[in-house]
Amino acid sequence: MNARFAPGVRLRGRVAPPADKSISHRAAIIGAMASGPVRVVNYLFAADTLSTLDAVRRVGALVERHGDDVLIRGCGMRNAQPPGDPIDVGNAGTLMRLLPGWLAFQQGASFTLDGDASIRRRPVDRIAAPLALMGAEVEATGGRFPPFTVHGAGLHGISYELPVASAQVKSCVLLAGLATDATTVVEAIPSRDHTERMLARGGARVDRRQVNGGYASTVGNADELALEEIRVPGDLSSAAFLIAAGVLVPGARMVLDGVGVNWTRTGFLRILQRMGAIVVGELEEPGALNPAEPICDLDISYGPIAATTVDADEVPLAIDELPLVALLGCFAEGETVVRGAAELRVKESDRIATVVDGLRGLGADIDALEDGFAVRGRGGLRGGVIDAHGDHRLALLGAVAGLASEEGVEVVGMEAAAVSYPGFADDIATLAAG
């Protein structure tokens with residue numbers, strides 16, 4: 001499905017962005033591990049998170065939808081049942097990397113995971129390596145790719161230093177660590193910490209501490225998890241596309257209600273503020289170790305922005321929003337550079353290549369780097385056509401580019417946006433009518 005986004009739209013008013021995708025994934029998996037019913041309030045009903053609900057059903061959980069909420073009756077920590085055929089993760093990389101952490105300690109049971117063509121290009125060796133050190137076995141296609149099979153076993157604790165900052169790999173190891181005396185994950189650069197917060201609220205022993213500028217997270221053996229209710233805030237990664245539109249579209253002024261502002265997710269907002277963008281909200285202080293997920297309303301206004309440089313230590317806290325930094329750089333004064341973001345090459349698409357090629361086709365002066373990109377601001381974009389390549393973030397990027405461009409943008413494959421933000425076009429229409 002193609003969709004055209006034209007310039008000249010006046011974006012004003014307030015909307016609530018969709019529920020947080022990362023937290024919805026974790027709520028479904030940890031809810032399925034719990035010993036009693038768990039109500040997930042404001043669950044995200046999008047393609048990726050529906051795959052997660054289906055996956056936990058396949059291993060024995062009961063799932064009921066009640067409006068915007070989900071009631072999950074889990075099968076308990078150690079009672080996941082292997083289905084007769086592969087678990088289809090669809091396009092959900094988070095599901096693909098988190099679920100094996102739980103399945104790895106289902107002793108004597110084997111689970112095969114598979115997904116779409118994009119998933120089959122995404123490596124799983126970074127979860128297979130620590131799980132093997134803990135005593136589980138992961139058999140992957142070509143040693144690295146889906147489909148792959150997790151053979152559950154009795155696990156032992158490890159201390160594991162992440163070679164590359166990744167909340168997904170960290171979360172997988174911590175979930176597996178619930179079946180060990182103690183397992184520690186050390187990260188030189190902090191990544192999003194939703195798993196640690198949710199496990200702590202569920203009664204697991206979770207210790208987080210700062211270590212040499214990074215963080216160490218330790219979990220210990222848990223007989224059960226008890227979470228009666230999980231409230232999912234608005235997704236900052238989805239809200240980021242509205243925020244970028246508010247910054248770039250002349251005359252825009254909007255308020256986004258109920259956005260999650262966990263400090264491990266607000267790297268994009270700090271980059272924006274450094275560029276001079278007008279984004280106002282009560283953000284959580286960096287370094288906070290609270291178990292609760294902070295929420296606030298964000299007030300965004302159009303205004304001029306300046307170029308910036310994003311280095312490797314900022315990348316994990318803004319990984320999903322870095323394509324938007326490239327778009328913003330097209331409108332900023334000076335050269336915007338992102339380094340240390342090689343992780344973008346193994347997302348739903350090679351997001352360095354697709355973002356650079358896509359924006360160049362709209363008139364951007366942009367070059368790909370091995371681990372990022374450099375863009376020279378020209379004060380705007382001409383417009384044209386951009387192919388989403390099946391990547392929801394690229395589809396949404398094209399839409400925002402169209403609203404801020406001179407001639408508009410046609411997005412080829414706009415249906416990909418349904419993976420994380422199925423109501424994007426409706427929210428833009430609401431703001432345009434404001």
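Each value in this text was obtained by applying a stated rule to the coordinates, not by laboratory testing. The structure displayed is predicted, hence computed values, not measured ones. A quick note on method: Cβ atoms are made from the backbone with ideal geometry, for glycine too, and the neighbour counts reach across all protein chains shown.
Structural remarks
- Length gained on full extension, Q81 to E333, computed as 0.36 nm times the residue gap minus the Cα-Cα distance: 85.1 nm.
- Point-charge dipole on Cβ atoms (K/R +1, D/E -1) for the chain, about Cα centre, debye to 20: 160
- Region 142-280, relative contact order [Cα under 8 Å, separation at least 6], %: 18
- Ranking G8, A288, G398 by Cα position along the charge dipole of the chain, where only Lys, Arg, Asp and Glu carry charges on their C-beta atoms, puts A288 farthest toward the positive end.
- For the chain: relative contact order, % (alpha-carbon pairs under 8 angstrom, 6 or more apart): 18
- Mean Cα-pair separation over length for region 21-231, i.e. relative contact order, pairs under 8 Å, 6 or more apart, %: 20
- Theoretical ellipticity at 222 nm over the chain - DSSP helices of four or more residues, -39500 (n - 2.57) apiece, nearest 500: -9000 deg cm²/dmol
- Options [x] 38, 27, 19; [y] 51, 23, 21; [z] 36, 22, 21 - which one matches semi-axes √(5λ) of the Cα gyration tensor in Å as calculated here: [z]
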